[in-house]
Amino acid sequence: MAIEIIATGRAIPAKRLTNDDLANRLDTTDEWIRSHTGIGARYVAEEGVAASDLALEAARNALAMAAEQTGTAVETLAQSLDVIILGSTSPDYYGVPATACIVQDKLGAKNAAAMDITAACTGFIYGLEVAAGLLTVDRSRKRALVIGAEVLSRIVDWNDRGTAVLFGDGAGAVLIERTETPSEGKNRRGVLRTILRADGSGAERLRIKQGGSRYPYQSGGAESPPHVEMDGRMVYNFAVKAITGTIEKLLTQENITINDVARIIPHQANARIIQAAGKRLGIPESKFFLNIEEYANTSAASIPIALDELNRTGRLKQGDLIMTVGFGGGLTYGGNLIIW
């Protein structure tokens, strides 16, 4: 029995914001942003578009791909879903309702359980393992959607050069299914192994302070509305260590080498982080797939967006061993090993 990714989808807003556009409102330049982050542009959702709207579009695109492959109607596939897991740092609502529940209703997935994962940029990695576990533990469950969806433009302080240049909006989704394909042996497929970790001692280093029960937001007060705050240097150091440690653990636990891995799909936070981690491990940069130049940091959506881009352009082949690796607020980190 294997837990396989059988389809992918993504949703990207139409509005593209370049570094030069930001330079018109901030004390920055295209050269500075590119040299420090590798980012050239990002996409920003129109007014009135929430995380659930992008999540729904990405989910429908994934189901449409599966429908084309199987000859099954999208509506039928939606009704066959058992679980919807959604990771987001910028949900429609804080606390309740879960954004996954909004998607479940609009998708017509009337038989699916639905819940959100709060693991920041590691949300997709956490969500994939949670969904795989739910399909594995109960054989009556067969299909799940795992979604990362973000409208980070609503929670960014656009006057803060240190964070405003980093983030973008978007959503990505994968449809996973429990199949009879073996998960062990020569012809194995699917999700092989996952590492999930956290370091709560760094919780205050990447946060949205206002709006929760610790620091309730008061309208008209001296503080600005809820927005992302980050200790950039500390997060950078943590991220490099988290990526290198996760890659090493996945290789060791699976008893393989980096040469066995066709592609590493990292969370797209900062190209310099990926480059530093690769240098420490002696992994060529070409082994990592990076699309941060076009999309910036889309948090929980970055890995599924990348998977869909690779999948739809034919750069993922059946049998490829791929690795996802990510890190985010919490602090959280982890990775998945998957045979495509």
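The values are calculated or read from the model by the stated rules, or taken from the named source; none is laboratory data. Not measured: the values here are computed from a predicted model. Because the Cβ atoms are built from the backbone with ideal geometry, glycine has one as well, and the counts that use them run over all protein chains shown.
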May I ask you to list the residues in segment 246-278 that are of a type in the set (S, T, N, Q) and out of contact with any helix residue (DSSP H, G or I) (no Cβ under 8 Å at 6 or more places or on another chain)?
THR246, THR252, GLN253, ASN255, ASN259
Quick check on segment 87-96. Is at least one of its residues assigned by TED's automatic domain parsing to the domain that holds VAL146, surrounded by fewer than 24 Cβ atoms within 10 Å (Cβ to Cβ), part of a loop (DSSP other than H, G, I, E, B) and touching a Leu at 6+ places or on another chain (Cβ under 9 Å)?
no
Hey, could you check segment 43-54 for residues that are farther than 20 Å from PHE124 by Cα and in contact (Cβ under 8 Å) with a residue 40 or more places away in the chain and say which is farthest from the chain's Cα centre (by Cα)?
VAL49
Test for GLU150: is it within 19 Å of the chain's Cα centre (by Cα) and of a type in the set (Asp, Glu):
yes
Which members of segment 127-136 meet the condition of being over 10 Å from ILE3 (Cβ atoms) and either touching a Gly at 6+ places or on another chain (Cβ under 9 Å) or modelled with pLDDT under 95 (or both)?
GLY127
Could you tell me which of the residues ARG60, ARG139 is out of contact with any Asp or Glu (no Cβ under 6 Å at 6 or more places or on another chain), at pLDDT below 95 and among the basic types (Lys, Arg)?
ARG139
Criterion: touching a Ser or Thr at 6+ places or on another chain (Cβ under 8 Å) and either surrounded by 24 or more Cβ atoms within 10 Å (Cβ to Cβ) or not assigned by TED's automatic domain parsing to the domain that holds LEU251 (or both) - qualifying residue of ALA109, ALA131, ALA119:
ALA119
Qualifying residue in segment 317-339 (condition: in contact (Cβ under 8 Å) with a residue 60 or more places away in the chain, assigned to a helix (DSSP H, G or I) and surrounded by 20 or more Cβ atoms within 10 Å (Cβ to Cβ)):
no
Sole miss for THR246 among (1) surrounded by 21 or more Cβ atoms within 10 Å (Cβ to Cβ); (2) part of a loop (DSSP other than H, G, I, E, B) is condition (2)
What are the residue pairs meeting all of these: first residue in segment 12-28, first residue modelled with pLDDT of 95 or more and hydroxyl-bearing (Ser, Thr, Tyr), second residue surrounded by 14 or more Cβ atoms within 10 Å (Cβ to Cβ) and not in a loop (DSSP other than H, G, I, E, B), Cβ atoms under 6 Å, and 6 or more apart or on different chains?
THR18/ALA41
Only one residue in ALA269, ALA262, ALA276 is crowded, with 24+ Cβ neighbours inside 10 Å and either assigned by TED's automatic domain parsing to the domain that holds GLY87 or modelled with pLDDT of 95 or more (or both), so which one is that?
ALA269
